[in-house]
Amino acid sequence: MWGQTPAWTGNPCYKGVCRMDHHRAVAGRLPAITKAPQKDGRAFTLIELLVVIAIIAILAGLLLPALAKSKQKAQAIQCLNNSKQLLIAWHLYAGDFGDTLPYNLGNDPSPNGWVYGEMSWTYSTDNTNWEKMLNSQLGRYSQNPGIYHCPADSSIAASMTDFRVRSVSMNFAMGDKSSTGARLPVYNDTWPNAFKLGDVRNPAMTWVFSDEHPDSINDGFQCPPDNDAETNAWGDMPASYHNGAAGYAFADGHSEIHKWVDASTLHPILKNSSWLPLSLSGPRDDLIWVDARVSPP
């Protein structure tokens, strides 16, 4: 019935259906008519959007340096924690072997030294082989390979994809330089060698481990003076991973991040060691600071 239009005449009703009732029924089936939304004039203009973008850029410029500093601080804290764990391993070894310090071998890496393997910029499995590194005298006391690596050190050797496993080395005056217990020193006069824990005369002033420059690090020991009584040239050189500073761990168990003051100490990474030894013609406060803590009275 609703699909057909009634033949209305002058009679207001047709076949029992009144005209008004029909219109009401049809109107009930039609969709409601809504008004189009009216613009209220609140949209951003191009200039306003550019101002907002500029403000965001300024805020990002203020926040990013702060975030970078926070990251550097976190890395420094982790580096200190790593070196303290190495110190614990160093002391535990001495405790188990009658106060004898771990062997500190240079140019003769072997499992008989405090660490095994050499770091280099050339392709060598030593650079990433943490199992070999831990196959050493301190390995049994420091089973976490991460404590040998500074979190700020991103050194990767040629044709390799992983970070080098070690960033730290040991003070050349700590421990025997012989793998047979022959008590071989490096230098005899200016920096007396300590072969036993009791030989360390001033533990709070004697560094044991430190970050070594990526171009300088190779074997397990770090020898800043180029020869006996030398204070005018870097032989091995410390790193400056922490915003111009390096981590140092001392024989009494404390660690610190030491800030360098000489521009020459902040040597760029060249991925070779041809520039060492580095003779100093200018200030040498940093070298004097390091040397004074090698084997102090």
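Has the range 173-183 got any residue that is within 25 Å of the chain's Cα centre (by Cα), in contact (Cβ under 8 Å) with a residue 60 or more places away in the chain and surrounded by 16 or more Cβ atoms within 10 Å (Cβ to Cβ)? No, the range 173-183 contains no residue that is within 25 Å of the chain's Cα centre (by Cα), in contact (Cβ under 8 Å) with a residue 60 or more places away in the chain and surrounded by 16 or more Cβ atoms within 10 Å (Cβ to Cβ).
Okay, residues lined up against (1) in contact (Cβ under 8 Å) with a residue 60 or more places away in the chain; (2) under 22 Å from the mean Cα position of the chain (by Cα):
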site	(1), (2)
Lys73	no, yes
Phe97	no, no
Asn112	yes, no
Trp130	no, yes
Asn135	no, no
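Based on this model, can you work out whether Asp189 counts as farther than 24 Å from Ser154 by Cα and out of contact with any strand residue (DSSP E or B) (no Cβ under 8 Å at 6 or more places or on another chain)? Against the criterion (farther than 24 Å from Ser154 by Cα and out of contact with any strand residue (DSSP E or B) (no Cβ under 8 Å at 6 or more places or on another chain)), Asp189 qualifies.
Only one entry in Ser264, Ser281 is loosely packed, with under 14 Cβ neighbours inside 10 Å, farther than 21 Å from Gln78 by Cβ and of a type in the set (Gly, Ala, Ser), namely Ser281.
Among the residues of the range 80-113, the ones that are surrounded by fewer than 19 Cβ atoms within 10 Å (Cβ to Cβ), assigned to a helix (DSSP H, G or I) and out of contact with any strand residue (DSSP E or B) (no Cβ under 6 Å at 6 or more places or on another chain) come to 8 in all.
Within the range 146-201, being over 21 Å from Ser216 (Cβ atoms) and of a type in the set (Lys, Arg) holds for Arg183, Lys196, Arg201. Here Ser216 fulfils each of the conditions (1) small (Gly, Ala, Ser); (2) crowded, with 18+ Cβ neighbours inside 10 Å; (3) farther than 30 Å from Ala74 by Cβ apart from (3). When the test is whether a residue is of a type in the set (D, E, K, R), at pLDDT 80 or above and surrounded by 10 or more Cβ atoms within 10 Å (Cβ to Cβ), Lys69 does not pass it.
The values are calculated or read from the model by the stated rules, or taken from the named source; none is laboratory data. For clarity, every value in this text was computed on a predicted model and none was experimentally measured. Neighbour counts run over all protein chains shown; Cβ positions are idealised from the backbone, glycine included.
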